[in-house]
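The values are calculated or read from the model by the stated rules, or taken from the named source; none is laboratory data. On a predicted model such as this, the values are computed, not experimentally measured, just so you know. Quick reminder, even Gly has a Cβ in these numbers, built from the backbone with ideal geometry, and neighbours come from all protein chains shown. Side chains included, ligands, DNA and RNA excluded: accessible areas come from the protein's heavy atoms. Shrake-Rupley method; radii C 1.70, N 1.55, O 1.52, S 1.80 Å.
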Amino acid sequence: MQKTLLILGATGAVGQQLLQQALAHADVARVIAPTRRALTAHIKLQNPIVDFNALPNDAAWWQVDAALCALGTTRKIAGSAAAFRRVDYDYVLQAAQCLHQAATPTLVLNSSLGANAQASGLYLRTKGEAERDVRALGFGSLIIVRPSLLDAGERPDRRRAEEFGLWLNRHLAACIPVAWRAVKVERVAASMLAAALNAAPGVSVIESAQMAEHD
């Protein structure tokens, strides 16, 4: 049976790939992608325009077969620690609460390698707190995806630390443990989509080593 999916963060690096792959997949009947700005129209796509600071928690489109959350930013892009946390924790948790309230059974959450609610660093601590509190909601199936450094190709915004990390990965891949190697956003999206379409009961984690290229 074809499924209806909801994608959060469809304008980001992973989210764009998710949207593209989901729209092309034969087992997907419809994709709902709430965004701040309109997406390119597609016969399978429903694109509610929303304000993530005031999500419509009673919207009928929260009820789907599975949801995939690729919401996320960086502190640099967000402009402050508080603004970063608003996206990577508040938006994620609020959306998850809306989905759970609507009885959506499956959520696939894009997190990060090393996510830990007790971490000293803002990024990994925030990701860990989001994982912890989404787990507590009690989805019938929750799949947490933890990629390492994302390889998204050319970005419109320069990220020097990311560029350096990708350079190391391209030139020293044999010396880098598989778990820490950069992973292409296409692979992250493919892993998330497969998890959504073949969800098993309970909580499961897909680590970066399962997605990283081995060649």
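Taking ARG146 as the residue in question, decide whether it is open to solvent by 50 Å² or more (accessible area, probe 1.4 Å) and either closer than 26 Å to GLN210 by Cβ or over 14 Å from the mean Cα position of the chain (by Cα) (or both).
Working: open to solvent by 50 Å² or more (accessible area, probe 1.4 Å): no; either closer than 26 Å to GLN210 by Cβ or over 14 Å from the mean Cα position of the chain (by Cα) (or both): yes.
So ARG146 does not fit the description; no.
Among the residues making up region 110-140, a single one is open to solvent by 70 Å² or more (accessible area, probe 1.4 Å), under 25 Å from GLY79 (Cβ atoms) and touching a residue at least 24 places away in the same chain (Cβ under 8 Å): TYR123.
Do we have LEU93 as over 20 Å from VAL188 (Cβ atoms) and in a loop (DSSP other than H, G, I, E, B) here?
Values: over 20 Å from VAL188 (Cβ atoms): yes; in a loop (DSSP other than H, G, I, E, B): no.
When the stated conditions are applied, LEU93 does not pass them.
Please work out if ALA82 is more than 21 Å from ALA189 (Cβ to Cβ), at pLDDT 95 or above and either among the basic types (Lys, Arg) or not in a helix (DSSP H, G or I) (or both). So ALA82 does not fit the description; no.
For residues in region 187-205 being of a type in the set (S, T, N, Q) and not in a loop (DSSP other than H, G, I, E, B), which is surrounded by the most Cβ atoms within 10 Å (Cβ to Cβ)? Ranking the qualifying residues of region 187-205, first place goes to SER191.
Name the single residue, out of those in region 1-48 being charged (D, E, K, R) and in contact (Cβ under 8 Å) with a residue 40 or more places away in the chain, that is surrounded by the most Cβ atoms within 10 Å (Cβ to Cβ). Residue satisfying both the conditions and the ranking: LYS3.
Among what's in region 79-104 and is of a type outside the set (A, V, I, L, M) and open to solvent by less than 20 Å² (accessible area, probe 1.4 Å), pick the residue that is nearest to ASP65 (Cα to Cα).
Initially, region 79-104 is screened for residues of a type outside the set (A, V, I, L, M), giving 79-80, 84-86, 88-91, 94, 97-98, 100-101, 104.
Now drop any that are not open to solvent by less than 20 Å² (accessible area, probe 1.4 Å), which leaves 84, 88, 91, 98, 104.
Numbers: PHE84: 29, ASP88: 23, TYR91: 20, CYS98: 14, THR104: 6 Å.
If we take residues in region 79-104 being of a type outside the set (A, V, I, L, M) and open to solvent by less than 20 Å² (accessible area, probe 1.4 Å), then THR104 is nearest to ASP65 (Cα to Cα).
When the residues of region 28-67 are narrowed to those that are part of a loop (DSSP other than H, G, I, E, B) and of a type in the set (D, E, K, R), which ends up nearest to LEU193 (Cα to Cα)?
Taking region 28-67 first, the residues part of a loop (DSSP other than H, G, I, E, B) are 33-34, 36-44, 47-48, 50-59, 63-65.
Restricting the remaining residues to those that are of a type in the set (D, E, K, R) gives 36-37, 44, 51, 58, 65.
On the way: ARG36: 22, ARG37: 23, LYS44: 16, ASP51: 25, ASP58: 25, ASP65: 12 Å.
Among those that are part of a loop (DSSP other than H, G, I, E, B) and of a type in the set (D, E, K, R), it is ASP65.
Residue check: LEU107 meets all listed conditions (1) under 20 Å from SER204 (Cβ atoms); (2) in contact with a Pro (Cβ under 9 Å, 6 or more places away or on another chain); (3) open to solvent by less than 30 Å² (accessible area, probe 1.4 Å) but one, namely (2). Considering the conditions (1) open to solvent by less than 50 Å² (accessible area, probe 1.4 Å); (2) at pLDDT 50 or above, LEU166 is excluded by exactly one of them, (2).
Within region 64-92, residues that are over 17 Å from SER112 (Cα atoms) have Cβ atoms under 7 Å from residues that are in a helix (DSSP H, G or I) and at pLDDT 95 or above in these pairs: ALA66/ALA196; ALA67/LEU99; ALA78/PHE84; ALA78/VAL87; ALA81/LEU122, counting only partners at least 6 apart in sequence or on another chain. Somewhere in region 14-28, is a residue modelled with pLDDT of 95 or more and touching a Gly at 6+ places or on another chain (Cβ under 6 Å)? Scanning region 14-28, I find at least one residue that is modelled with pLDDT of 95 or more and touching a Gly at 6+ places or on another chain (Cβ under 6 Å), so the answer is yes. Here HIS214 passes the criteria (1) at pLDDT 80 or above; (2) part of a loop (DSSP other than H, G, I, E, B); (3) open to solvent by 60 Å² or more (accessible area, probe 1.4 Å) except the one numbered (1).
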